[in-house]
Amino acid sequence: MRMVFRWFGEGNDTVSLSHIKQIPGVEGIVWALHDVPAGEEWPMEKILEVRGQAAKYGLHLDVVESVNVHEDIKLGRPTRDRYIQNYIATIEKLAKVGVKVICYNFMPVFDWARTELHKKMDDGSTALFFEKSRIDGIDPFKLVEDINRNSTLTMPGWEPERLAHLTSLFEAYKGVSAEDLWEHLAYFLKAVVPVAERCGIQMAIHPDDPPWPIFGLPRIITGQESLRRLLGIVDSPSNGITLCSGSFGANPENDIIAMIHEFHERIPFAHIRNVRVYDNGDFIETSHRTQDGTVDIAGIVKAYHDHGFTGYARPDHGRHLWDEECRPGYGLYDRALGIMYLWGLWDALERVEPIHRKEGAV
């Protein structure tokens, strides 16, 4: 398991690279050019700038999250070919700086949804919260207002240039079914995966968050069966999965451990986080500790270890602790605590059965 840490860039993150470097076992950053609009080709000079920043601290750039997919591709519009060519050009540039994994998603309009960014927990910390009854009745424009209120930091998946066209986007998605979205995803993958394979890069789709339709918009990467279908579109090691335990874990019917056992060869990137799901469908993001949520984090880490996982992993959303002022879900303290919990589980498993012994090494 190769530990990495999501970083949003200089001037766009309260966490510094010097902080990240001090977290035990972290070897690289998970990054993106968040100021480049979806669909545009990434400028090489900006890519090299981030590489230089990370190199000062001995951190690699192996994992990008995300090269966002333009809505015209998801909608299957005639203009999609231009945006796909830009995507391909970006893949080729990223390969030149050593990128190994590109995380992306295929969610219409919103990359993720929560109804509250700072829900107070019993211990005094706050966390991202999803209230099912509220999302069923809230105006999406009100949700956008709540998400972006008083924020000086970009919110991934809620970029202003995308949300400025919210009315027209909702209109465009009227009549777009889940099957339509699958067809548009297949078109995209058949164009980009061969390029990624040639460049030595693995495309790794992130599941829908939450893994069910919201606001009448289709969601298709929601569980084990959808992952089977995805991997069958292009049978290539470069067509892979970002297995997010928090996103899939919001639906208790998802067996994440079974997913790891079935798809481990096609999981280059793991998001490991916990959520507590309530009987009414609400969920809140908790610490990474198994006992604090509904997701069996210890079992998930064991499943990865059982298969000798050598891919990349990062702690995902954390709580907001000790009065830290940070991007919601992306502070330093709880994610660093999460890493140490994950390493504790991993190191204990290594004491019992080291991976090199499983591989037959002496």
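Against the definition (within 17 Å of ILE257 (Cα to Cα) and in contact (Cβ under 8 Å) with a residue 40 or more places away in the chain), how does ARG319 come out, yes or no?
no
What is the residue count in the range 78-88 for residues that are surrounded by 15 or more Cβ atoms within 10 Å (Cβ to Cβ) and farther than 11 Å from VAL67 by Cα?
3
Among the residues of the range 94-145, write down those that are of a type in the set (Phe, Trp, Tyr) and more than 30 Å from THR310 (Cα to Cα).
If the condition is that a residue be of a type in the set (Phe, Trp, Tyr) and more than 30 Å from THR310 (Cα to Cα), then PHE110, PHE129, PHE130, PHE141 are the ones that fit.
Does VAL30 satisfy the criteria of being within 20 Å of PHE188 (Cβ to Cβ), of a type outside the set (Asp, Glu) and within 18 Å of the chain's Cα centre (by Cα)?
no
A quick yes/no check of all residues on (1) at pLDDT 95 or above; (2) assigned to a loop (DSSP other than H, G, I, E, B); (3) farther than 22 Å from VAL67 by Cα; (4) touching a Gly at 6+ places or on another chain (Cβ under 9 Å):
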position	(1), (2), (3), (4)
VAL144	no, no, no, no
SER151	no, yes, yes, no
GLY175	no, yes, yes, no
GLU179	yes, no, yes, no
HIS184	yes, no, no, yes
LYS190	yes, no, no, no
PRO194	yes, no, no, no
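Which of the residues spanning the range 187-213 are within 24 Å of HIS271 (Cα to Cα) and surrounded by fewer than 22 Cβ atoms within 10 Å (Cβ to Cβ)?
The answer is LEU189, GLU197, CYS199, GLY200, PRO211, TRP212, PRO213.
Just to verify a result, which residue in the range 303-333, among those that are touching a strand residue (DSSP E or B) at 6+ places or on another chain (Cβ under 7 Å) and over 22 Å from HIS206 (Cα atoms), is modelled with the highest pLDDT?
Across the range 303-333, the extreme among qualifying residues is HIS320.
Go through the range 121-142 and report how many residues are part of a helix (DSSP H, G or I) and either under 19 Å from HIS317 (Cβ atoms) or among the charged types (D, E, K, R) (or both).
5
Scan (1) surrounded by fewer than 17 Cβ atoms within 10 Å (Cβ to Cβ); (2) touching a residue at least 40 places away in the same chain (Cβ under 8 Å); (3) assigned to a helix (DSSP H, G or I) for the single condition ILE300 breaks and write down its number.
Of everything listed in (1) surrounded by fewer than 17 Cβ atoms within 10 Å (Cβ to Cβ); (2) touching a residue at least 40 places away in the same chain (Cβ under 8 Å); (3) assigned to a helix (DSSP H, G or I), ILE300 misses just condition (1).
Could you say whether any residue in the range 44-57 is of a type in the set (D, E, K, R) and under 18 Å from GLU325 (Cα atoms)?
Within the range 44-57, none of the residues are of a type in the set (D, E, K, R) and under 18 Å from GLU325 (Cα atoms).
PHE215 - would you say it is out of contact with any helix residue (DSSP H, G or I) (no Cβ under 8 Å at 6 or more places or on another chain) and in contact (Cβ under 8 Å) with a residue 60 or more places away in the chain?
no
With the requirement that a residue be in a loop (DSSP other than H, G, I, E, B) and farther than 17 Å from LEU33 by Cβ, what does the range 57-104 give you?
Residues satisfying the conditions are TYR57, GLY58, GLY76, ARG77, PRO78, THR79, LYS100.
Being under 17 Å from VAL67 (Cβ atoms) and charged (D, E, K, R) is the filter here, so list the residues in the range 24-44 that pass it.
Within the range 24-44, ASP35, GLU40, GLU41 meet the criteria.
Rundown of residues vs (1) more than 21 Å from SER66 (Cα to Cα); (2) over 18 Å from the mean Cα position of the chain (by Cα); (3) in contact (Cβ under 8 Å) with a residue 12 or more places away in the chain, yes/no style:
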position	(1), (2), (3)
ARG276	yes, yes, yes
ASP292	yes, yes, yes
PRO315	no, no, yes
PRO328	no, no, yes
ALA348	yes, yes, no
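Working only within the range 3-53, note down all residues that are closer than 28 Å to GLU350 by Cβ, surrounded by fewer than 20 Cβ atoms within 10 Å (Cβ to Cβ), in contact (Cβ under 8 Å) with a residue 40 or more places away in the chain and not hydrophobic (A, V, I, L, M, F, W, C).
Hits for the range 3-53 are HIS19, PRO24, GLY25.
Looking at HIS34, HIS19, which one is at pLDDT below 95 and under 15 Å from TYR330 (Cβ atoms)?
After applying the criteria, what remains is HIS34.
List pairs: first residue in the range 113-141 and within 11 Å of PHE283 (Cβ to Cβ), second residue basic (Lys, Arg) and in a helix (DSSP H, G or I) anywhere in the structure, Cβ distance under 9 angstrom, at least six positions apart or on different chains.
Note: pairs meeting the criteria are THR115/LYS132; THR115/ARG134.
The values are calculated or read from the model by the stated rules, or taken from the named source; none is laboratory data. Everything quoted here is computed from the prediction, not taken from an experiment. For neighbour counting, all protein chains shown are included, and Cβ atoms are generated from backbone atoms with ideal geometry for every residue, glycine included.
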